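*Asks:* Submitted below is the structure of interest, expressed as structure tokens.
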Amino acid sequence: MQVIESFKKVWWGSKWSRILAVLLIIAAILFAPVPFPGSRKGRIIDAKTKRPVAGVVVVGYWTYTIPNAGGGTTHCLDAREDVTEENGVFSIPNINGLIYNVIGEFNFVAYKVGYEKVQFWTYEDWKTTMSESGEWQDNMAAIELKPVSRERLRDSGDPPYFSCGRRDGRPLTAWRDAQNEFRRELGMKLYPFEK
């Protein structure tokens, strides 16, 4: 009985402790792994032939920025990847957690050896961003990759860099393979990724 009384004094004795308790409950709700259904879908096509491109590694990653005197510091929330099949279609599932989909900015990278990289950031929802850039067809994004000649591969055909990984710690294996495929194509030493 004495424990219950002391608990009441500590937690419900002052106005600040009640405010803190309410804030903790709100934080728990926002960061809870609430399912956020849906995905970001698209089709990758060759800019010259207008045909679907198979084997393109597509990475979607979420970031948020904390403002500071120097402008801001960007932090990674999570990342997901997919590889296009013969029809060029990809699907990046939404991440779970209400707060991640509210404050998180969705970033997109598509890459395949022999093509220029595609990288962009969505400041609004997926459909709005892609529609404004004229890249929305058949209820999905339509993204063109420009072929790169072997001679220009080193200059404009390298994989884009981003420092974001999966929240669960698992590697983005298709992305790692694409980086080494590029290095292999140019006769460079391969990255020693862990298996």
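*Asks:* For Glu144, are the conditions met, namely being in contact with a Leu (Cβ under 9 Å, 6 or more places away or on another chain) and either surrounded by 13 or more Cβ atoms within 10 Å (Cβ to Cβ) or under 19 Å from Ile45 (Cα atoms) (or both)?
*Replies:* no
*Asks:* Mind checking which residues of the stretch 104-156 are part of a strand (DSSP E or B), under 25 Å from Leu172 (Cβ atoms) and over 15 Å from the mean Cα position of the chain (by Cα)?
*Replies:* Passing the criteria: Tyr115, Met140, Ala141, Ala142, Ile143, Glu144, Leu145, Pro147.
*Asks:* In the stretch 37-73, which residue that is touching a Cys at 6+ places or on another chain (Cβ under 9 Å) and of a type in the set (Val, Ile, Thr) is surrounded by the most Cβ atoms within 10 Å (Cβ to Cβ)?
*Replies:* Val59
*Asks:* Among residues belonging to the stretch 51-68 that are out of contact with any Asp or Glu (no Cβ under 8 Å at 6 or more places or on another chain) and modelled with pLDDT of 85 or more, point out the one that is farthest from Ile92 (Cα to Cα).
*Replies:* Ranking the qualifying residues of the stretch 51-68, first place goes to Arg51.
*Asks:* Name every residue in the stretch 85-121 that is crowded, with 17+ Cβ neighbours inside 10 Å and at pLDDT below 80, in order of residue number.
*Replies:* Matches in the stretch 85-121: Asn94, Ile95, Gly97, Tyr100, Gly104.
*Asks:* Considering only the stretch 76-91, I want to know if a residue exists there that is within 25 Å of Arg167 (Cα to Cα), of a type outside the set (S, T, N, Q) and free of Cβ contacts under 8 Å to residues at least 24 places away in the same chain.
*Replies:* Checking the stretch 76-91: not a single residue is within 25 Å of Arg167 (Cα to Cα), of a type outside the set (S, T, N, Q) and free of Cβ contacts under 8 Å to residues at least 24 places away in the same chain.
*Asks:* Conditions first: (1) among the basic types (Lys, Arg); (2) in a helix (DSSP H, G or I); (3) modelled with pLDDT of 80 or more. Arg80 passes all but one, so which condition is the exception?
*Replies:* Of everything listed in (1) among the basic types (Lys, Arg); (2) in a helix (DSSP H, G or I); (3) modelled with pLDDT of 80 or more, Arg80 misses just condition (2).
The values are calculated or read from the model by the stated rules, or taken from the named source; none is laboratory data. All values reported here derive from a predicted model rather than from experimental measurement. Reconstructed Cβ throughout: ideal geometry from the backbone, glycine too, with neighbour counts over all protein chains shown.
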